[in-house]
Amino acid sequence: MGQTVFDETCGSYEAVDNRLNFQLRRGRLSLKGKAGDQVKFNLTIAGDLVGRDVLAGTEGGANNGGSPIIRLWNAYVLWRLVPDQEYLHLATGYMVPQIGRESTTSAFKTPSMEKSWTQNYLRRHLVGTGPGRSVGVNLGGLLFPHEGSQWSSRYDLGVFNPAQNTFGGNSTGRRTAPLVSARYMLTYGEPEAKNYRLSNSVLFFKERWGTSMAVAGAWQSRSDFFEDNYAAGVDMILSIGWWTLDGELFQLGRKHLPDSDDLSEDWSLAETGHLRLSRLFDFGQDRYLQPAVSYHFLHGGMSEEEQLVAQDTRSFAGEEWYSEVTLNWYFSQRFKISGSYTHRGGETGDFGPGAGFNNYLFQSGAGPIERGDWLGLGLTATF
């Protein structure tokens, strides 16, 4: 509802019809297993956005077409280096760098109809794509001080391929540097998990009492498009009985190359984050009702000088925000129907109409837009 598309001829946004759109938002097929007691593997393929109308106002890329394309989603091996212990694991393969809570949480394990766009900005800033996967290695583990302690923690250190966006998407360019990531999470109360894994969850299907706070960052030095690139921020989750509050806040920064002498600003900076509150009601026999509300934002450069640097470094600018209200009914922990309403807003800044600096202002397959609100009904099933 309320979607507009930029018309270059008249230099303004033109309304398009409100529309009904059926789409297969996410499809996953996974093969998971073990090789002995120490090694686990994950191979996942994905088929997304089948049937999506790019003018529907919902999140995501272009329509996957009448003959959908299947892509590799995960392909990694996780090796527990010390038998029967959780404090030292090595992962290698195609996976998400362990930075941010939303980015490392499955879409099937969040209470929102749609995952927060915080993950999309973070992934594209670091890896260059919305799926956010890259080939690399990650060392991590869970730390439990002693039996009976209320404190526990988790750490992750990774080195990954940076975005390969030159020479037909097959190289990092003439200048290259690895992407290095790190995250440390401290938990008080019930741990989120007792076994180390490369994914998180904000759904526990029980009363839980505990809170976690994490700090994370990633860095890449000079490439063909910037002098330095970083992301730094915090994420948290607070569980009080059946209530859960989670959120994150990240700053995304890129410094332009020294030969860009016509730019008055050194850095392109943007902040993105979300906050979400949900509550489970247990009706017995593995049935639950769950209302959830969430708020998301991106705040980037608004002045002409800031937006010129954002363009030069391929960064985000302008502003966008949205709020979502969702109601989930679980027939079981693996089968639910959801209803939601998403309300949006955004600003182009000094660039004016036609800017494509963020997800409110740009849609793959449609170009510059002002993204509309949407009312959704969803079905999620996992087997």
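The values are calculated or read from the model by the stated rules, or taken from the named source; none is laboratory data. Source: prediction; values computed, not measured. We place every Cβ from the backbone using ideal geometry, glycine too, and count neighbours over all the protein chains shown.
Pairing each residue of region 1-15 that is more than 12 Å from E370 (Cα to Cα) with any residue that is assigned to a loop (DSSP other than H, G, I, E, B), provided the two are 6+ apart or on different chains, yields C-beta distances under 9 Å for E8/G354; G11/G352; G11/P353; G11/G354.
Of all residues in region 253-290, those satisfying the criterion of being in a loop (DSSP other than H, G, I, E, B) and among the polar types (S, T, N, Q) are S260, S264, Q285.
Each row is one residue, and each column tells you yes or no for (1) within 19 Å of the chain's Cα centre (by Cα); (2) closer than 18 Å to R123 by Cβ; (3) buried (at least 17 other Cβ atoms within 10 Å of the Cβ).
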residue	(1), (2), (3)
M213	yes, no, no
R222	no, no, no
F226	no, yes, yes
A231	yes, yes, yes
D235	yes, yes, yes
S239	no, no, yes
W243	no, no, no
S260	no, no, no
D266	no, no, no
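Taking the criterion of being in contact with a strand residue (DSSP E or B) (Cβ under 8 Å, 6 or more places away or on another chain) and either closer than 17 Å to G130 by Cα or of a type outside the set (G, A, S) (or both), the residues of region 164-173 that qualify are Q164, T172.
Test I99 against the stated conditions and say whether it is more than 27 Å from G2 (Cα to Cα), surrounded by fewer than 21 Cβ atoms within 10 Å (Cβ to Cβ) and of a type outside the set (G, A, S). Answer is no for this residue.
Residue by residue, here is whether (1) out of contact with any strand residue (DSSP E or B) (no Cβ under 9 Å at 6 or more places or on another chain); (2) farther than 22 Å from G93 by Cα; (3) not in a strand (DSSP E or B) holds:
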residue: G128; (1), (2), (3): no, no, yes
residue: G141; (1), (2), (3): no, no, no
residue: S152; (1), (2), (3): no, yes, no
residue: L198; (1), (2), (3): no, no, yes
residue: A218; (1), (2), (3): no, no, no
residue: R222; (1), (2), (3): no, yes, yes
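Just to be sure before I move on: is D17 among the charged types (D, E, K, R), farther than 25 Å from V96 by Cα and exposed (fewer than 13 other Cβ atoms within 10 Å of the Cβ) in the structure I sent? Considered against the rule, which asks whether it is among the charged types (D, E, K, R), farther than 25 Å from V96 by Cα and exposed (fewer than 13 other Cβ atoms within 10 Å of the Cβ), D17 comes out as yes.
Does G300 qualify as being free of Cβ contacts under 8 Å to residues at least 24 places away in the same chain and closer than 30 Å to D228 by Cβ?
So G300 fails the test.
Note on region 152-207: residues that are modelled with pLDDT of 90 or more, β-branched (V, I, T) and over 30 Å from M113 (Cβ atoms) total 2.
Counting the residues of region 272-327 that are at pLDDT 95 or above and of a type in the set (V, I, T) gives 4. Does D261 count as at pLDDT below 95, at positive phi and not aliphatic (A, V, I, L, M)? Answer is no for this residue.
Counting residues that are within 25 Å of the chain's Cα centre (by Cα), which strands (runs of 3 or more DSSP E) fully inside region 1-66 reach at least 2? Write out each step before concluding.
Numbers: elements: 4-7, 12-15, 28-35, 39-46.
Ranges flagged: 28-35, 39-46.
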